[in-house]
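Just so it is clear, none of the values below were taken in a lab; they were calculated from the coordinates. All values derive from a computational prediction rather than experimental measurement. Reconstructed Cβ throughout: ideal geometry from the backbone, glycine too, with neighbour counts over all protein chains shown.
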Amino acid sequence: MVVAQPGRPKLKTAFKKARTIAPLYTSGAVAVTADGTRLVTCVAEDILLTNVEDGQEICRFVGDTQTINSLCITPSSSHLLVFTASLSLRIYELPTSKESLKKRVPPIRVVGRAHEAPVHVCIADPTSTYLASGSADGVVKVWHIVRGYTTHVFKGHGGVVSALAFHYPFDASSVSVGQEEKTMRLITASVDTRIRVFNLTEGASTSSGGGKAEAVLEGHVSVPRGLDVSPDGRWLVSGGRDSVVLIWDLQSKSSTAGSAKAKKGGKKATALTPTLVKTVPALERVEAVGILKPDDDMVVESKAGLAQLKFYTGGEKGVVKVWDGRGEVVEKFGQEHSVASEELEEQRQIVNILYVPSISTVISVHADQNINFHSLRDGTLSRQLIGYNDEIVDASFLSYPSPTDATLQRDSHVALATNSSLIRVYSTQNLDARLLEGHSEIVLALDHSADGSLLASGSKDKTARVWAPIGAEKDEAGSSWGYGCVGICEGHAESVGAVAMARGSANGGKFMFTGSQDRTIKMWDLSGLPERYTVDGEAATHCKSLTTHKAHEKDINSLDVAPNDRFLVSGSQDRTAKVFEIVYIVGAGGAVRGELKLLGTCKGHKRGVWTVRFGRVERVLATGSGDKTVKLWSLDDYSCLRTFEGHTNSVLRVDFLNAGQQLISTGSDGLAKLWNVREEECVATLDNHEDKVWALAVSADESTIITGAADSVVTFWEDCTEEDEVEKETKRTEMALKDQDFMNYIELRDYKRAIQLALAMAQPGRLLSLFKEISSSEAEDDSPSLTGNPSVDEVIRTLSGPELAKLLRFIRDWNTNAKTSAVAQGVLFAIMKLRTADDVIKAFGEENTEKVFADGDVEDLVSPNAPPTGRTALKELVDALIPYSERHLSRMDRLVQESYVVDYILSEMDDGMFGNDLMGDDDDDDDVMDVDH
């Protein structure tokens with residue numbers, strides 16, 4: 001008698017896609033809402049709206065498949081304004097909800113040819129009424145956003161317009177300022193290095209074909225890339241690629257020309273006479289500049305205003321600098337990178353900075369597609385969004401210490417190795433990310449320590465590194481959390497493609513292994529490494545190699561350490577997996593000795609072995625290979641126990657679940673498959689990738705699986721087996737109740753409800769048996785009927801549109817089979833007699849409308865004057881009915897003809913079989929004839 005194991009875990013059968021890390025930003029313009037919670041970015045030709053708090057995509061906008069040249073959000077966060085390479089202006093309403101939308105948001109207005117040349121800069125005014133856009137041909141236009149027409153056109157710029165700023169001292173909370181004092185101006189900059197000031201209130205409009213600048217400022221010697229005006233309207237700050245920032249006083253009275261103009265006409269009394277008051281050497285090419293709003297407790301006086309002024313700059317060094325009016329740097333955000341490679345330096349530079357006063361945050365957008373949120377209140381890097389990850393090569397869960405009690409939060413973060421020298425570490429809660437710098441070439445492999453606190457990485461730069469979480473203090477970039485390199489393992493002659501850290505705690509987990517293209521495995525001593533990285537601590541320790549073992553004839557692709565730290569397995573391109581015994585001895589004086597002894601070789605794969613993994617409980621080993629199979633091996637005699645076939649391409653990663661009862665594997669076919677080890681069958685396929693799935697990570701409680709692929713998408717899969725079973729049980733119960741109701745209706749001869757219930761349950765079999773029963777009982781009822789029962793006729797006459805469409809589809813399916821065609825033709829005949837053609841067409845239209853409502857796509861509904869929908873579906877149905885009906889008709893004709901032959905044969909058979917009787921009849925006939933004669 002077999003006793004069930006009480007602690008045996010239940011098999012997992014379903015995983016749902018919980019969230020994804022997908023490309024967020026590839027290049028181009030970026031905009032943020034006034035509250036800083038929603039971010040608009042560009043991914044190729046798509047425009048994305050992202051919730052900053054959790055990093056999830058809210059929606060995408062309907063584009064015109066052209067590159068996005070520039071975009072901006074109105075200060076009221078109501079509209080998104082986009083200029084594309086097709087020279088069109090598209091205006092969208094921003095969704096107010098942060099819930100994810102399935103449908104793309106369409107534009108509320110499209111201006112076909114807004115400019116004659118590409119528009120690279122645009123900005124909305126403080127009142128969210130007007131939009132200014134500057135094109136590559138030196139034309140600046142001002143648009144009314146809601147009405148969509150042009151209010152001003154300004155020409156005369158000597159080339160591409162490079163920066164725009166509105167000058168409009170606007171305080172929405174204050175109504176004390178008289179309307180006559182309010183003058184809106186537009187300040188522009190172009191590649192001719194000049195800054196121009198245009199008066200919008202009194203300046204020329206479109207009717208006069210362009211207005212002249214109120215003032216032209218000369219001071220830059222290279223293209224100005226940033227302009228901003230102080231909230232009180234007095235100061236203008238401009239920064240350019242000439243590595244200087246210029247501060248202009250817009251309310252200066254020193255200009256004699258300005259005072260002369262003021263005397264001539266009363267309307268020109270408010271004309272600006274800007275004066276250059278300060279030149280600040282930035283010592284880098286400036287790509288973005290802006291003025292910070294004064295603090296609430298800061299009183300800005302007119303004379304002492306320059307001293308109180310604070311502004312920020314960002315440029316080629318990748319650092320946000322905050323300056324005061326004296327030209328001194330008061331704060332820095334980010335870290336200056338002293339890298340030798342010019343390409344890396346270009347990637348780190350800042351291309352734009354967004355300032356969000358409501359949350360005191362500056363957002364720096366970098367050329368390497370990273371978006372950093374810097375808090376002005378405490379100087380920390382509050383959030384980092386990584387725009388694009390390229391190919392995901394490997395992934396590993398990490399456990400980060402809690403900020404309160406320093407206990408490890410299990411699987412709180414996930415590390416990703418991508419097609420880059422930087423390791424990405426994401427928080428699993430809100431997708432806040434950090435970049436780990438240290439490797440000089442692409443990182444190929446990751447692994448974590450037994451408790452998940454340490455991270456190991458192997459790279460093409462022939463080294464492996466060990467990373468530890470930072471202590472309580474902030475790092476150089478001002479980050480509140482992150483990882484730092486505490487150990488470096490150097491010694492391999494080729495790329496390090498596999499790393500494996502100790503799994504158990506018996507030996508303190510103080511060693512790790514690396515496998516390389518040089519075909520060797522090295523064992524490293526980690527006993528001297530700290531558990532925390534300190535910012536001001538010593539440089540990373542160079543770890544000692546305990547042993548070097550030539551293991552394979554080709555590249556080593558994967559390593560794994562057994563849960564008890566006694567065995568190591570390696571998988572190689574030479575089609576084998578080898579199992580080694582680990583010898584790790586700590587001497588009396590603390591001296592450590594390590595050694596590897598080959599125990600056995602697993603041979604059987606026809607292609608290279610990409611992945612190896614020890615079983616958690618049983619003495620087994622799983623391998624995945626380029627021959628599209630997963631094999632399970634015994635550690636007792638190294639024989640193959642099972643082979644799992646199902647992937648259509650190479651198996652790249654494999655891991656165990658459920659105490660070894662199940663396997664999860666990923667492959668080059670873009671799929672992840674969940675296997676039942678005992679039955680050797682695939683119980684679930686997880687599909688959300690379009691390229692090779694290189695990365696696989698399973699959480700400690702096995703409730704979450706992470707897959708990462710070459711399509712730069714990372715998917716979080718959550719176990720939903722219990723939810724799935726509850727849902728199935730609920731459906732089963734509902735179906736049983738409906739079955740009982742159906743039987744009750746049949747018993748009570750309530751055919752209307754029975755037919756409607758069968759249609760609602762989508763059970764054509766029950767409906768077919770019902771119509772069969774009705775047609776067979778036709779002889780019992782004397783009342784005339786098309787179907788055999790007058791009440792059924794009435795049901796067909798009164799069926800709703802969607803129900804009628806569903807019934808016609810059932811008839812189409814029944815009509816394909818000769819056995820059920822008679823019922824199909826009978827019901828179809830009744831429908832044609834009882835319903836008009838318009839009814840049938842309308843039925844499919846109503847069904848489409850019902851589907852649209854169910855999907856929530858209400859805007860797709862056609863207007864009442866539009867032609868009826870559903871014609872296409874009806875045509876497909878008729879096209880499917882006609883050939884089978886013709887075939888049944890010809891078969892019936894053939895049967896009728898053959899019946900005449902049967903009659904003839906039977907009559908001929910009668911003449912032969914019953915000859916004596918017929919002869920007697922003939923005698924009688926003769927007698928009769930004689931009498932008559």
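Packing around the peptides 718-726, 736-744, taken as the average count of other Cβ atoms within 10 Å per residue, puts them in this order, highest first: 718-726, 736-744. Kindly state, to the nearest 0.05, the FRET efficiency for residue 182 paired with residue 19, given R0 = 60 Å and r defined as their beta-carbon distance. The pair residue 182/residue 19 has a calculated efficiency of 0.80.
Within the shell defined by Cβ-Cβ distances under 14 Å, the residues around residue 487 carry a net charge of 0, with Lys and Arg each +1 and Asp and Glu each -1.
Considering every pair of different Cα atoms, what Kirkwood radius, in Å, is found for the stretch 13-164?
Details: mean 1/r = 0.0624 Å⁻¹.
Final number for the Kirkwood radius of the stretch 13-164 is 16.0 Å.
Hey, what did the stretch 392-723 get for relative contact order, percent, Cα under 8 Å, at least 6 apart? Write out the running numbers ahead of the final one.
On the way: 983 pairs, mean separation 34.8, N = 332.
Reported as a whole number, the value is 10 percent.
Modelled spin labels at residue 822 and residue 137, positioned 7 Å past Cα toward Cβ, are 7.8 nm from each other. Within straight-line reach of residue 141, meaning a Cα separation under 25 Å, sit the following lysines at least 8 residues removed in sequence or on another chain: 155, 182, 212, 267, 268. Summary value for the stretch 46-172: 18 percent relative contact order, contacts being C-alpha pairs under 8 angstrom separated by 6+ residues. Each of 648, 127 was scored by other Cβ atoms within 10 Å of its Cβ. Arranged with the fewest first, they read 648, 127. Farthest towards the positive end of the charge dipole of the stretch 392-723, among the residues 609, 535, 713, is the Cα of 609, using unit charges on the Cβ of Lys, Arg, Asp and Glu.
Test of understanding: ordering 201, 576, 623, 666 by Cβ neighbours within 10 Å, fewest first, what list do you get?
Working: 201 12, 576 20, 623 25, 666 29.
Lowest to highest Cβ neighbour count: 201, 576, 623, 666.
Separation of the stretch 152-166 from the stretch 738-757 is 75 Å, based on Cα centroids.
When the chain is fully extended, how far beyond the present Cα-Cα distance does residue 99 get from residue 690, taking 0.36 nm per residue of separation?
Details: separation 591, 0.36 × 591 = 212.76 nm, distance 2.56 nm.
Stretched out fully, the residue 99 to residue 690 stretch lengthens by 210.2 nm.
Listed cross-link partners 16/875; 731/752; 103/752; 102/806 are compared with a 30 Å cut-off, the Cα-Cα value being larger for 16/875; 103/752.
Want the number for residue 419 to residue 839: 0.36 nm per residue separation, take away the alpha-carbon distance, what's left? Provide the component values of the computation, followed by the final result.
Details: separation 420, 0.36 × 420 = 151.20 nm, distance 5.98 nm.
Roughly 145.2 nm would be gained on extension.
Spin-label pair residue 595-residue 307: with each label point 7 Å from Cα along the Cα-Cβ axis, the two points sit 7.7 nm from one another. Close amide H pairs (under 5 Å, H built 1.01 Å from N) link residue 310 with 292, residues at least 5 positions away or on another chain. Once the Cβ-Cβ distance of residue 324 and residue 76 is raised to the sixth power relative to R0 = 35 Å, the FRET efficiency obtained is 0.70.
Note on residue 451 and residue 879: their simple-model spin labels are 6.8 nm apart, each label 7 Å out from Cα toward Cβ.
Computed from phi, the 3J(HN,Hα) profile of the stretch 542-553 under the Karplus parametrisation 6.51, -1.76, 1.60 (θ = phi - 60°) reads 8, 6, 8, 7, 8, 7, 10, 10, 6, 9, 9, 8 Hz, with x in place of Gly and Pro. Residue exposure proxy: 222, 572, ordered by other Cβ atoms within 10 angstrom of their Cβ from fewest to most, comes out as 222, 572.
Assign unit charges at the C-beta atoms only (+1 for Lys and Arg, -1 for Asp and Glu), then state the dipole size of the stretch 392-723 relative to its Cα centre in Debye, rounded to the nearest 20.
Details: 33 positive and 46 negative charges, 261 e Å.
Roughly 1260 debye, rounded to the nearest 20.
Cβ-Cβ distance of residue 144 and residue 564, R₀ of 56 Å, FRET efficiency by 1/(1 + (r/R0)^6): the value works out to about 0.15. Close amide H pairs (under 5 Å, H built 1.01 Å from N) link residue 535 with 471, residues at least 5 positions away or on another chain.
What Kirkwood Rh does the stretch 392-723 have if only Cα atoms enter the pairwise 1/r average? Answer in Å.
19.8
Multiplying the residue separation of residue 535 and residue 54 by 0.36 nm and removing their Cα-Cα distance gives an extension gain of 170.4 nm.
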